[in-house]
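See below for the structure under consideration.
The values are calculated or read from the model by the stated rules, or taken from the named source; none is laboratory data. Predicted, not measured: the structure shown is a model, and the values here were computed from it. Quick reminder, even Gly has a Cβ in these numbers, built from the backbone with ideal geometry, and neighbours come from all protein chains shown. Note: accessible area is taken over every heavy atom of the protein model, side chains too, but ligands, DNA and RNA are not part of it. Shrake-Rupley method; radii C 1.70, N 1.55, O 1.52, S 1.80 Å.
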Amino acid sequence: MNPITSLKNPIIKHAATLLINHRHRKKNGQTVLEGVHLLDAYLKQGLAVDKVIVSDTALHNDEVITLIQHINKTDIIVATDTLYKQIRTLGDGVDIMAIIRTPTPTLGIITGDCLILDGLQDSGNIGTLLRTASAVGITTIITTPHTAHLWSPKCLRAGMGANFALDIYEHISINDILSQVKTPLYATSSHTNKVIYNHDLTSHIAWVLGHEGQGVSDVFLQSATPIALPQPNGQESLNVGVAGSICFYEMLRQRQFNESLSCLS
């Protein structure tokens, strides 16, 4: 297989644009996974790729050899090392990326636990919340229209593969969320004195977490039970990724988590 050398190659050009251009991703219904870890997590869910692009050197990497055994040879594109470095957005590592279809499920009635992201923009915070939600068993994620795209390469990297085990419904209007989510809403808020430890979190919950600076929108707050997180040292607020993680694990604790179950130390 002769490595591709030109940025003008249609597949290379397409991948390069997907990596940096949200409109191109939205128009084509595709995104890009970069690196061995993300591709491995994706394939372990039994999901199919559209194309894989690998550098000439990485083609001989043991991890890559194992991964591409599960991919049709016709879907594998080899690029020269020089060309691959021109399009990648990651630093030095194992040079492999995959073009995948972006899931676009339709939101139905939600009656179980879920996480609603209202206007979050930071991929690091989003990744933390997706990973923690998945870890405690929350599998339904809903975002409002002004939230960052959870299938962008940055959010995918931050989530470290959590996306692939979640049901993600993106850019749903607040009115549609309120009509479809039948689970009681709980939102972190600075306008209540009732701290999280004094709430009963044993029933299903729809957690609402808001924009890093502005917090949860007023429309949600009017429909949600406000929850305060104790801050005895007087900080103005907690990072939203940290705040959400505290909420999820207090919920898990209250539901009498069985420590005999397998868990990582």
Rounded to whole Å², per residue accessible area for the chain with a 1.4 Å probe reads 52
Once GLN180 and ARG255 are pulled to full extension, the length gained, defined as 0.36 nm per residue separation minus their Cα-Cα distance, is 24.5 nm
Output ³J(HN,Hα) for segment 163-175: one whole-Hz value per residue in order, computed from phi by the Karplus curve 6.51 cos²θ - 1.76 cosθ + 1.60 with θ = phi - 60°, and x for Gly and Pro.
-> 3, 6, 9, 10, 9, 10, 10, 9, 6, 8, 5, 4, 4
Acute angle (nearest 10 degrees) that the helix 123-136 long axis makes with the longest principal axis of the chain, alpha-carbon atoms = 70
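Hey, any idea what % of segment 8-155's accessible area is carbon plus sulfur with a 1.4 Å probe?
49
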With each pseudo-label sitting 7 Å past Cα toward Cβ, what's the SER173-ALA48 distance in nm, one decimal?
-> 3.5
Residue farthest toward the positive end of the dipole of the chain, with Cβ of Lys/Arg at +1 and Asp/Glu at -1: which of LEU201, VAL49, HIS60?
-> VAL49
Order ARG101, ARG25, most accessible first, counting only protein heavy atoms with a 1.4 angstrom probe.
-> ARG101, ARG25
Please work out how much length the chain gains when fully extended from ASN193 to VAL219, using 0.36 nm per residue of separation minus the C-alpha to C-alpha distance, in nm with one decimal.
-> 7.4 nm
Square roots of five times the C-alpha gyration tensor eigenvalues of segment 1-126, ordered largest first and given in whole Å, equal 29, 17, 14
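Output the relative contact order of the chain, whole-number percent, from Cα pairs under 8 angstrom with separation of 6+ residues.
Averaging sequence separation for qualifying contacts and normalising by length gives 19 percent for the chain.
Between LYS27 and ASP40, what is 0.36 nm times their sequence separation minus the Cα-Cα distance? Round to one decimal in nm. Don't skip to the answer; put the middle values down first.
Values: separation 13, 0.36 × 13 = 4.68 nm, distance 2.60 nm.
The LYS27-ASP40 span can extend by a further 2.1 nm.
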Obtain the nm distance between the two label points defined at THR17 and HIS146 by a simple spin-label model: each point lies 7 Å from its Cα along the Cα-to-C-beta direction.
-> 3.0
Acute angle (nearest 10 degrees) that the helix 240-254 long axis makes with the longest principal axis of the chain, alpha-carbon atoms | 60
On a 0 to 90 degree scale, rounded to 10, what angle separates helix 10-20 from the longest Cα axis of the chain?
-> 30
Separation of segment 1-47 and segment 56-102 by C-alpha centroid, Å?
-> 10
Hey, could you pull the Cα Rg and Dmax for segment 11-55, both in Å?
-> 11.0, 29
